[in-house]
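J.: One structure coming up, written as C-alpha cells, with questions to follow.
The values are calculated or read from the model by the stated rules, or taken from the named source; none is laboratory data. Model, not experiment: these values are computed from the prediction. Here the Cβ positions follow ideal geometry from the backbone for every residue, glycine too, while neighbour counts run over all protein chains shown.
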Amino acid sequence: MNRSLEQELSELYISNVDMIGEGLPERVNAARRGFLESFNLSSLPSAREERYRHCDLRKLFDVEWEHYFTQARERVAVTDSLPVEGYHVDLYNGFCTENEPLTILPDGVVYGSLRAAMREREELVLYYYNTAAENDAETVAALNSLFMQDGAFVYVPDGVAAERPFVLSFEYGTQDAAQMCFARALIVVGRGAQADVVVSHHTSDGSRMLVDCVRETMLEDGAGLHLSEITRMNDQSILITGNYLKQGADSRAEMLDVWLHGGVTRVNTRHDLAGRGCESNLYGLYFGTGHERVDIDLRVNHLVPDCKSFESVKGVVSGFAEGAFNGRVYVAPDAQRTVAFQQNRNLQMSDTSKVYTEPQLEIYADDVKCSHGATVGQMDAEAIYYMRQRGIDEQEARRLQMFGFVNDIISHCPHDGACDFVRELAEARINDL
Amino acid sequence: MLSVKNLHASVGGKEILRGIDLEVKAGEVHAIMGPNGSGKSTFASVLAGNQKYEVTAGSVMFEGMNLLDLSIENRARAGVFLGFQYPVEIPGVSMANFMKLAVNEQRKYRGLDPLSSGDFLRLMREKTAVVELDSKLTNRAVNEGFSGGEKKKNEIFQMAMLDPKLAILDETDSGLDIDALRIVATGVTKLHRPDNATIVITHYQRLLDYIVPDFVHVLYKGRIIHTGDKTLALKLEEQGYDWLINDYQ
C-alpha cells in the first residue's frame, strides 16, 4: 500500500516525460532515469525514519496534489518582491517568464532562468548542476531533479565581484486546486569572485501548496558569498527545501536564513566544506505560531583540514506550533584543525507549543575544536520584572525581550537593503505572538 | 512621601515581613540594616511590586497614592526606583534602547513629550559622568558581560536617568571594591535633593561613610526593632546586632 505514493509520482513523471524534458539538453533528461530509479528504490520518508521524526513526508505528499507542467508564464512578475535593488530573477511556481533570454553582463556575470541557461550555456551549467544535491540520499531531492523544468541561475565568473545583489524571488500561488510545484536554484561563484544573493520564498495567496525546492550553491576557491533567505509562506503551505552548499579552498560564506511563516517548513541544509581553509557562517531564525511547524535538519561536513564553521539557529514558538532542530557537524578523519560551533536556542511562548532539539557532533579527527549546544527556555520573568521596574509596561517588556532574543541573529544580516526589511518583518511577527 | 504601616508579606506561605512601620519624608536618607534573612530585600521587593511576594496585611501610601494598588510599572512611573541587588542581564537589548524606552514611558505617564534623540543622547552623556560609567557600556546589551562593579554603577546610572522621587537601593554596596563603592556612593549623594528621598539597604557600615543617613533602622525577623541616627551604624559595626536582638527578645 505504501508503494502507491511512489508509484503515483513515478507514473506522473512517466506519462508526462516528453513535456518535462521538452527543450532541455539531452544530458539533463538522460540523467532523470537515474533519479527515477533512486526515487523508486527509496521511498518517501515517514515519521518512522529518525531524521523525519517530526515531519512525516508521506503524510504531506499523500494528498491529491495537482501539478502543472505548462504553467502560464507569458510574463512572470512577482507581486511581493523584496525591497532590494539588484539583479532580479522572478519565478512563479518555479518557472521564469517563458523564452526570456539570459542576462549576460559585460563582466561575464550571467543570471536568469535555469532553463534558458541550460540551453544557452549548457557546458557551464552542467559542470555544476546536480553536483551538490543529494539525489541518492534524499528522496525529495531526487524527486525535484526528476521533475525539474526551470529555476533560477546565477553565475559570477572568476575574479569578478558582482556589482549588485542577485534577488531571486520565488513566488507561489494557485487559484484552484491544491498544487505541487518544484523550485530550483543554481548559484555559482567563481574563483576569487564575490556575490551577494537574496532569496525570497513566498506565497501570493492563501491557497494550498506543496513546494519541493532544491538550491545548489557552489563556491570555487577563494570565492565569497553573502546570502540572505527569507521565507514567508501562507499557513496552508508546505515547503520542503534542500539547501546544498559546496565550498572550495579559502572560500567564505555568510548566510542568514529567516523562516517567518509557513504551514509546514522542512529544511535540509548541507554544507560541504571541501576545500582547505574555507569558512561558513550561518545565522538562522524561525517563528512558529498557530499550528505551524518548522523542522530544520542541518548538516555541516568538514571534509578537509583547516576549515571553520559556525551555525546559530534560534526559534520562537507560540500557540500550538512545533519547532524541531536536528544538527550534525561531521569531521572527516583527516580534517585536522577543524573549528566548528553549532547552537540552537529556542524560546517557547506557550505551554501548548513544542520544541525538539538535537545537536550532534561526529568527529573522526583528533586535532579539532568543536562544540555545540541547545536550549529551550521560556521568557525570563526576572528580566520582565526588571524592565517593568524601570517603567516599561509588561507587554512592551515581553516584546523587548523577544526582540532581544532574535536580534543577535538578524543583526548578522549581510545585506544593507534587506536588513531593515527583515528587522521590520521580525518585529511585526513578534507583535502578533 | 512614603508611609508604611503594619506591612506584612509572605512568600510561598512563609511570612517574611511581620508588621513594618516606616515614615520617609522628602529630603531624607534612611538606612536599613539587619542580619541575613531579616527581610531587608523582601521589603524592597514588596515596595517595588515583585509578584513573588504576597502582601497579607498593612498599607503603603506613596505621595498620597495607595502604592500597593499600582502595577510594577506604574510604581516606577510614579517615582519609585529600585536599585537591584542582582541586576538582570537582557541579551540583545542595548542599554541605550532600554533607557530610551524607560525614560519616554515615564515621561508619557507624566504627560511630557518623548525626548528627541539628540536630547536623549545629551542626557545619557551627562548621567554616565555622574557614576563614571564607561560610555561604551551604553551600546552593549543591558548588563550583559558587565563586571559586578559595572552592574552596580549601571543601576545608579539608571537612577540618574530616571530621576525618581524615592530610590530604594538594595545592597548596592555588595560585591564592590572600595573604588567602585566610593563612585557609587558619591553618585547617590550627588543625586540627592531636598525633594527626593533614598532608602539604602546595606549590610555594612562602610557605605554609610559616603552616604550619610538621617535615620538608621534595624530590621530583624520582619520587623523594625530599633531606629537611631547615623551613630547607630557605627555602634552596630563595633558590637554587632546581638545587643539589640537580646533587648528585643
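J.: In a helix (DSSP H, G or I), touching a strand residue (DSSP E or B) at 6+ places or on another chain (Cβ under 8 Å) and modelled with pLDDT of 95 or more - does that describe any residue in the stretch A:99-114?
T.: Yes.
J.: Also, I was wondering about something else. Condition first: assigned to a helix (DSSP H, G or I) and over 22 Å from B:Glu63 (Cβ atoms). Now tell me which residues in the stretch B:1-46 satisfy that.
T.: B:Lys40, B:Ser41, B:Thr42
J.: While we're here: Among the residues that make up the stretch B:207-227, is at least one of them touching a His at 6+ places or on another chain (Cβ under 8 Å), surrounded by fewer than 16 Cβ atoms within 10 Å (Cβ to Cβ), outside any helix (DSSP H, G or I) and free of Cβ contacts under 8 Å to residues at least 60 places away in the same chain?
T.: So far as the stretch B:207-227 goes, yes, one or more of its residues are touching a His at 6+ places or on another chain (Cβ under 8 Å), surrounded by fewer than 16 Cβ atoms within 10 Å (Cβ to Cβ), outside any helix (DSSP H, G or I) and free of Cβ contacts under 8 Å to residues at least 60 places away in the same chain.
J.: So, of the residues in the stretch B:36-52 that are closer than 16 Å to B:Asn74 by Cβ and of a type in the set (S, T, N, Q), which turns out to be modelled with the highest pLDDT?
T.: B:Asn50
J.: Sort out which residues of the stretch B:216-249 are hydrophobic (A, V, I, L, M, F, W, C), under 25 Å from the mean Cα position of the chain (by Cα) and more than 21 Å from B:Arg206 (Cβ to Cβ), and write them in order of number.
T.: Residues satisfying the conditions are B:Ile224, B:Ile225.
J.: Going through A:Ser42, A:Ser81 one at a time, which residue ends up being within 21 Å of the chain's Cα centre (by Cα) and among the small types (Gly, Ala, Ser)?
T.: Unique residue meeting the criteria: A:Ser81.
J.: May I pose another question? Filter the stretch A:388-400 for residues that are under 16 Å from A:Leu347 (Cβ atoms) and buried (at least 21 other Cβ atoms within 10 Å of the Cβ); which is nearest to the other protein chains (Cβ to nearest Cβ)?
T.: Ranking the candidates gives A:Leu400 first.
J.: State whether one or more residues within the stretch A:254-273 are out of contact with any Lys or Arg (no Cβ under 9 Å at 6 or more places or on another chain), in a loop (DSSP other than H, G, I, E, B) and of a type outside the set (Lys, Arg).
T.: no
J.: Among (1) over 21 Å from B:Glu144 (Cα atoms); (2) more than 14 Å from chain B (Cβ to nearest Cβ); (3) of a type outside the set (Asp, Glu), where does A:Ala426 come up short?
T.: (2)
J.: Checking A:Ser228 against (1) free of Cβ contacts under 8 Å to residues at least 60 places away in the same chain; (2) closer than 15 Å to A:Leu168 by Cβ, only one condition comes out false. Which one?
T.: (1)
J.: With the condition kept exactly as written, say whether any residue in the stretch B:81-90 is within 14 Å of chain A (Cβ to nearest Cβ), assigned to a helix (DSSP H, G or I) and either touching a residue at least 24 places away in the same chain (Cβ under 8 Å) or surrounded by fewer than 19 Cβ atoms within 10 Å (Cβ to Cβ) (or both).
T.: Going residue by residue through the stretch B:81-90, those that are within 14 Å of chain A (Cβ to nearest Cβ) are B:81-90.
Okay, now just the ones that are also assigned to a helix (DSSP H, G or I), so none.
Scanning the stretch B:81-90, I find no residue that is within 14 Å of chain A (Cβ to nearest Cβ), assigned to a helix (DSSP H, G or I) and either touching a residue at least 24 places away in the same chain (Cβ under 8 Å) or surrounded by fewer than 19 Cβ atoms within 10 Å (Cβ to Cβ) (or both), so the answer is no.
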